[in-house]
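Working notes for the structure below.
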Amino acid sequence: MLYQLYESQRALMAPFAEFASASSKLYSHPLSPFTHVPMAQRYAAGFDLMHRLAKEYEKPQFDIKSTTVAGVEVAVQEQVALEKPFCRLLRFKRFTDHAPVLERMKTQPKVLVVAPLSGHHSTLLRDTVKMLLRDHKVFITDWTDARMVSLEHGPFHLDDYVGYVQEFIRAIGHDVSVISVCQPTVPVLAAVSLMASRGERTPPALVMMGGPIDARRSPTAVNNLAMNKSYDWFENNVIYRVPPNYPGSGRRVYPGFLQHTGFVAMNPDRHMSSHYDYFLDLVRGDEDSVDAHRQFYDEYNAVLDMPAEYYLDTIKTVFQDFALVNGTWDVAGERVRPQDITTSAVLTIEGELDDISGAGQTRAAHSLCTGVPASRQQHYDAIGAGHYGIFSGRRWREQVYPEVQRFIERYNRPAALLKAPAAKKASRAAAKSRR
């Protein structure tokens, strides 16, 4: 019922949002006579703020058209490499006519970025992708809003998430390094662990950033909520069915609008201050600050519905049973054994000021991956960085990315180089047999 009430409110507010937008332009457009009335800038700013508070935020686009490789600008095209009911695997294909740069790009390592399925769209990692494109062939998981997935595709559990990750790794090639940001650190580690247990080749490098590998360490407000409320409480209080006006009508989900309410409730004073500053920047005509605010909240306010089965599985497995660290997690009947990983190098990254994944939660992966030699394990603390700072913004670009780039380069040899020694060895053996 709550979801239907929200939809009714959204439909009711839509005309007011458009009215506020039109009124703002009426008082700010250079050709409008109303721009000359007293306090016109304040009227325009107030209506603009009303518009942004009342409008619906659609899924943003990555909008990455180019990048720089070895000092040369190259074109970037977003492609769908593989499509599943609940996720698309996107590839950012780079193009150039510059022969030396083209040869360089061919030998650069492949990277799969596993984006969180935890409220926001994968475009939240736009800055992550932009930096990685300079030195890597980049793929990313683009999770689908559950309200857009028909019931005929069935449920989506945490086990299915693990299966998707494995399928994507196999589709790209086992020479792909994997970067998991926040929530997916747990299912990605599980996916690779299962591959190792089966004797499959695992990714050369695993980079885990700000995730709840062991949520018992330095618990945050997010962890405490998940640990202190019962499984039944979550099922009865945050799970609703998608209304009839969406393709996923009838599907049980954790609605995006409830998640957004939770995000804002964590730091209400900060958001109120940010919106007030936005109003003042509009009045002052500070376009740079205005654009920065709009860009952030266009992303922050765009949320998606999560499949109920996946969300509830995550609550129980990660935050209540601590099944990964306790060694009790079974995926489709197979026990998850991180100690079976032996050939993948492991890098964990934490933000000093992270208020979502506490200190030590991600670092706990090292104590689980006992089969990986200590020389192939590394941890990095991003000083001064909060949760978002480890994958977006100045600290990501200046502090974290160089560490990630060096780590992947050290352990991820391009496929062409891997084949060369084998080809030479086979050639020598053939020559010897002819003698």
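Computed from the coordinates by the stated procedures, all read-outs in this text should not be read as laboratory data. Quick caveat, the model's predicted, so the values are computed rather than measured. In this analysis, Cβ positions are derived from the backbone assuming ideal geometry, glycine residues included, and neighbour counts consider all displayed protein chains.
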Report summary line: Here, chymotrypsin sites (Phe, Trp or Tyr not before Pro) of segment 54-123 satisfying both criteria (DSSP loop; at most 16 other Cβ within 10 Å) are TYR57
Query raised in the report: What Kirkwood radius, in Å to one decimal, follows from the Cα pairs of segment 195-268?
Result: 16.0 Å
Report task. Please work out the C-alpha center-to-center distance from segment 334-404 to segment 274-313 and express it in whole Å. Result -> 27 Å
**Report entry** Relative packing of peptides 41-48, 241-248 - highest average C-beta neighbours within 10 Å first
**Finding:** 41-48, 241-248
Requested in this report: Report, for the chain, the % of DSSP beta bridges that are antiparallel, rounded to 5.
Outcome: 55 percent
Query raised in the report: Fully extended, how many nm does the chain gain between PHE19 and ARG394 (0.36 nm per residue separation, minus their Cα-Cα distance)?
Result: 131.3 nm
Report summary line: The exposure ranking of MET39, MET195, fewest beta-carbon neighbours within 10 Å first, is MET39, MET195
Report task. Pop out the ³J(HN,Hα) list for segment 356-373 in order, Karplus 6.51 cos²θ - 1.76 cosθ + 1.60 with θ = phi - 60°, rounded to Hz; leave Gly and Pro as x. Result -> 10, 10, x, 4, x, 5, 7, 4, 4, 4, 5, 6, 8, 8, 6, x, 8, x
Report summary line: Least to most buried among ILE172, ILE349, by other C-beta atoms within 10 Å and fewest first, runs ILE172, ILE349
Query raised in the report: Arranged from highest to lowest average of other beta-carbon atoms within 10 Å per residue, in what order do the peptides 103-115, 156-168 appear?
Result: 156-168, 103-115
Requested in this report: Within 10 Å, count the other beta carbons around each residue, average over each peptide in 288-300, 141-153, 267-279, 215-227, and list them highest first.
Outcome: 141-153, 215-227, 288-300, 267-279
Query - Order of ILE383, ILE179 under a 10 Å beta carbon neighbour criterion, fewest first - result: ILE383, ILE179
Report summary line: Here D for segment 62-123, in µm²/s, from Stokes-Einstein with a Kirkwood Rh over Cα pairs at 25 °C and 0.890 mPa s, works out to 183 µm²/s
Requested in this report: Would you mind checking which residues have amide H under 5 Å from THR348's amide H? H placed 1.01 Å from N; only 5 or more apart, or other chain.
Outcome: MET208, GLN378, HIS379, TYR380
Report summary line: Simple SL model, points at 7 angstrom along Cα→Cβ for LYS229 and THR261; separation in nm is 1.0 nm
Requested in this report: Using a/c under 1.5 as the rounded threshold, could you call segment 17-154 rounded, prolate or oblate? The axes a ≥ b ≥ c are square roots of the C-alpha gyration tensor eigenvalues, and prolate needs a/b larger than b/c, oblate otherwise.
Outcome: oblate
Query raised in the report: Applying the Karplus parametrisation 6.51 cos²θ - 1.76 cosθ + 1.60 with θ = phi - 60° to the phi angles of segment 159-169, what ³J(HN,Hα) value in whole Hz is obtained for each residue in order, glycine and proline being reported as x?
Result: 4, 5, 4, 4, x, 4, 4, 5, 5, 5, 4
Query raised in the report: By how many degrees, 0 to 90 and rounded to 10, does the Cα axis of helix 268-284 deviate from the longest principal axis of the chain?
Result: 60 degrees
Requested in this report: Would you grab the residues whose amide H sits under 5 Å from the one on GLN183? Only those 5+ places off in sequence or on another chain, please, with H modelled 1.01 Å from N.
Outcome: none
Report summary line: Classified through the alpha carbon gyration tensor (a ≥ b ≥ c as square roots of its eigenvalues; rounded if a/c is under 1.5, else prolate when a/b is larger than b/c, else oblate), segment 151-213 comes out oblate
Requested in this report: Would you give the gap between the C-alpha center of segment 156-221 and the C-alpha center of segment 1-77, rounded to a whole Å?
Outcome: 37 Å
Query - Kirkwood-based shape ratio for segment 202-324, expressed as Rg/Rh from alpha carbons - result: 1.06
Requested in this report: Please tell me which of these pairs span more than 21 angstrom C-alpha to C-alpha: LYS25/LYS55; LYS65/LYS106; LYS65/LYS137; LYS84/LYS130; LYS55/LYS229?
Outcome: LYS84/LYS130; LYS55/LYS229
Report summary line: Note, segment 393-409: 3J(HN,Hα) by Karplus (6.51, -1.76, 1.60, θ = phi - 60°), whole Hz, Gly/Pro = x, goes x, 4, 5, 4, 5, 8, 9, 7, 4, x, 5, 5, 4, 5, 5, 5, 4
Query raised in the report: Out of residues 5 or more away from VAL331 or on other chains, whose amide H comes under 5 Å of its own, with H placed 1.01 Å from N in the peptide plane?
Result: VAL336
